[in-house]
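Colleague: Supplied in structure tokens, the structure appears directly below.
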Amino acid sequence: MIIEQADVIVTSPDRNFVTLKITTDDGLTGLGDATLNGRELSVVSYLRDHVVPLLIGRDAGAIEDTWQFLYRSAYWRRGPVTMAAIAAVDVALWDIKAKAASMPLYELLGGASRRGLLAYGHASGGTREALFDSIRDHQEQGFKAIRVQSGVPGLKSIYGIASDATYSEGETHEYEPAQRGALPHEEDWDTGSYLRHIPTVFEAVRNEFGPELPLLHDAHHRLSPIQAARLGKSLEPYDLFWLEDVTPAENQEALRLVRRHTTTPLAIGEIFNTVWDYQQIVREQLIDYVRSSVTHTGGISHLKKVLDYAAQYQIKSGMHGPTDVSPVGMAAALHLGLAIHNFGIQEYMQHGARTNEVFDQSFTFTDGLLHAGDAVGLGVELDTDEAGRYPYERAYLPYNRLADGTVHDW
Ligand code: KDG
Ligand code: MG
């Protein structure tokens, strides 16, 4: 199994995706997701210009050795671009190894530890009525756990709210933050209004939907440690499954302060990319869920190390699964989630119809549980002709300004 060819495929069916396809001399192919939202072409260059030439002629079965070679020989370590590129190689090689073994990948990773993966969907609404409709819609789709994001009075556009205008029966409407265009979209932010409003939203949701439905919320990095502590405390009566990204977590010590004040479970890590980003917060038990995706954390080989480390402290997985993780990245998450013991929950935002035409997938979603399916390998194939119909289009994530014009965390 010698690597003969490696192609980087960029396609933009509903949004931009970057996929690495590795082909071996015996005709096996493997796919890896290398999509980095809003910075896609930097990973394309990293792969095409620097990594692909190193792969040709290597043993496709030497996954750990290839990982260590790519990570250490670059000298420049870590970072989202490097780790997304290495992740794509790693996942493509796992796909090939599982195909060579004629097994679904989760079997090769140790076999299934559960029947399926509890998934949470994204309910949102600018108004209370739209939010309740969205929660009901997700329940009808089968979701047994739901993330709740709400508009805030006085703020025009805010993270996590799907446009009410696109909401109609039978239509899945997922929130897509990256917008095509020459410049990023500007949103407004006011922490005081947010902190006053959000507890009233969860009170109303609990009154309407009862005490049992697992509810999640994403604060999207916007709070200071003491503000985060206040939010966690004020949400305690509504029994959240988790509160996500309360602070910009590169300041890991911030979470000590948050923890001292609240028992609301904390999830962090979608923008982390190595085990070293988790060193302190895992060792000091400052979080409850690891939010990293396979795509942004060096692939299955590296994220498995992060999750095994977390398992020693009873910290579980909560892998990132937004639309910017491609179907290839989602499949990798599902195989890993099935195999590990400390699985917690899986984020599941649904891809659009065009994306599902480009990527042929074998996962299932039944009664609230995701399963990777029993096709060999990852269970995803990419239709290159279909992909070729959708060339890359520049797109940016939005950013935030406060009322006085100051740029704020988005
Ligand atoms: O690319 C950025 C998105 O993936 C991110 O904003 C989504 O926070 C997110 C989530 O929890 O899915
Ligand atoms: Mg998030």
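The values are calculated or read from the model by the stated rules, or taken from the named source; none is laboratory data. The structure presented is a predicted model; accordingly, all values stated were derived computationally and were not measured. For neighbour counting, all protein chains shown are included, and Cβ atoms are generated from backbone atoms with ideal geometry for every residue, glycine included.
Colleague: Of everything in the stretch 29-87 that's among the β-branched types (Val, Ile, Thr) and within 16 Å of ligand 1 (Cβ to nearest atom), which residue is surrounded by the fewest Cβ atoms within 10 Å (Cβ to Cβ)?
Modeller: Restricting to residues being among the β-branched types (Val, Ile, Thr) and within 16 Å of ligand 1 (Cβ to nearest atom), the top hit is VAL81.
Colleague: Identify, by number, the condition in (1) within 15 Å of ligand 1 (Cβ to nearest atom); (2) touching a strand residue (DSSP E or B) at 6+ places or on another chain (Cβ under 7 Å); (3) among the acidic types (Asp, Glu) that ASP383 doesn't meet.
Modeller: With (1) within 15 Å of ligand 1 (Cβ to nearest atom); (2) touching a strand residue (DSSP E or B) at 6+ places or on another chain (Cβ under 7 Å); (3) among the acidic types (Asp, Glu) applied to ASP383, the lone miss is (1).
Colleague: Let me ask something else. Looking only at the stretch 254-268, decide whether some residue is out of contact with any Ser or Thr (no Cβ under 8 Å at 6 or more places or on another chain), within 13 Å of ligand 1 (Cβ to nearest atom) and either at pLDDT 95 or above or among the hydrophobic types (A, V, I, L, M, F, W, C) (or both).
Modeller: Yes, because at least one residue in the stretch 254-268 is out of contact with any Ser or Thr (no Cβ under 8 Å at 6 or more places or on another chain), within 13 Å of ligand 1 (Cβ to nearest atom) and either at pLDDT 95 or above or among the hydrophobic types (A, V, I, L, M, F, W, C) (or both).
Colleague: Any chance you could count how many residues in the stretch 267-284 are of a type in the set (A, V, I, L, M, F, W, C) and touching a strand residue (DSSP E or B) at 6+ places or on another chain (Cβ under 6 Å)?
Modeller: The number of residues fulfilling the criteria is 1.
Colleague: Looking at (1) surrounded by fewer than 21 Cβ atoms within 10 Å (Cβ to Cβ); (2) more than 30 Å from ARG206 (Cβ to Cβ); (3) among the small types (Gly, Ala, Ser), find the lone condition where GLY298 falls short.
Modeller: (1)
Colleague: Would you call LEU338 under 19 Å from GLN141 (Cα atoms) and in contact with a strand residue (DSSP E or B) (Cβ under 9 Å, 6 or more places away or on another chain)?
Modeller: In short, no.
Colleague: Also: Looking at the stretch 328-350, which of the residues that are away from ligand 2 (no atom under 16 Å from the Cβ) and crowded, with 24+ Cβ neighbours inside 10 Å is farthest from the chain's Cα centre (by Cα)?
Modeller: Out of the qualifying residues, it is LEU338.
Colleague: Kindly indicate which of ALA34, ALA87 is at pLDDT 95 or above and farther than 21 Å from ARG389 by Cα.
Modeller: Criteria check complete, one pass: ALA87.
Here is a yes/no grid of residues against (1) in a helix (DSSP H, G or I); (2) modelled with pLDDT under 95; (3) more than 15 Å from ligand 2 (Cβ to nearest atom):
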residue: ILE158; (1), (2), (3): no, yes, no
residue: ILE161; (1), (2), (3): no, yes, no
residue: GLU169; (1), (2), (3): no, yes, yes
residue: GLY192; (1), (2), (3): yes, no, yes
residue: HIS197; (1), (2), (3): yes, no, yes
residue: LEU240; (1), (2), (3): no, no, no
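Colleague: Suppose we filter TYR71, TYR46 for residues that are farther than 25 Å from TYR392 by Cα, under 26 Å from the mean Cα position of the chain (by Cα) and in contact (Cβ under 8 Å) with a residue 24 or more places away in the chain; which single one remains?
Modeller: TYR71
Colleague: Quick check on my filter: what residues within the stretch 254-289 are free of Cβ contacts under 8 Å to residues at least 40 places away in the same chain and in a strand (DSSP E or B)?
Modeller: LEU266, ILE268
Colleague: Considering only the stretch 179-190, how many residues are surrounded by fewer than 17 Cβ atoms within 10 Å (Cβ to Cβ) and either under 18 Å from ILE226 (Cβ atoms) or of a type in the set (A, V, I, L, M) (or both)? Steps first, answer last, please.
Modeller: Restricting attention to the stretch 179-190, the residues satisfying the condition of being surrounded by fewer than 17 Cβ atoms within 10 Å (Cβ to Cβ) are 179-186, 188.
This time we only want the ones that are either under 18 Å from ILE226 (Cβ atoms) or of a type in the set (A, V, I, L, M) (or both), so: 182-183.
Total satisfying the criteria: 2.
Colleague: Quick one: how many residues across the stretch 353-377 are of a type in the set (Ser, Thr, Tyr) and either under 10 Å from ALA331 (Cα atoms) or in contact with a strand residue (DSSP E or B) (Cβ under 7 Å, 6 or more places away or on another chain) (or both)?
Modeller: Restricting attention to the stretch 353-377, the residues satisfying the condition of being of a type in the set (Ser, Thr, Tyr) are 355, 362, 364, 366.
With either under 10 Å from ALA331 (Cα atoms) or in contact with a strand residue (DSSP E or B) (Cβ under 7 Å, 6 or more places away or on another chain) (or both) added as a condition, the list becomes 362, 364.
So the count comes out to 2.
Colleague: I've got another one for you. Examine the stretch 351-361 for a residue that is touching a Gly at 6+ places or on another chain (Cβ under 8 Å) and in a loop (DSSP other than H, G, I, E, B), and state whether such a residue exists.
Modeller: For the stretch 351-361, residues touching a Gly at 6+ places or on another chain (Cβ under 8 Å) and in a loop (DSSP other than H, G, I, E, B): absent.
Colleague: Here's a follow-up. Which ones in the stretch 290-328 are closer than 29 Å to ASP383 by Cα, in a loop (DSSP other than H, G, I, E, B) and more than 13 Å from ligand 1 (Cβ to nearest atom)?
Modeller: VAL294, THR297, GLY298
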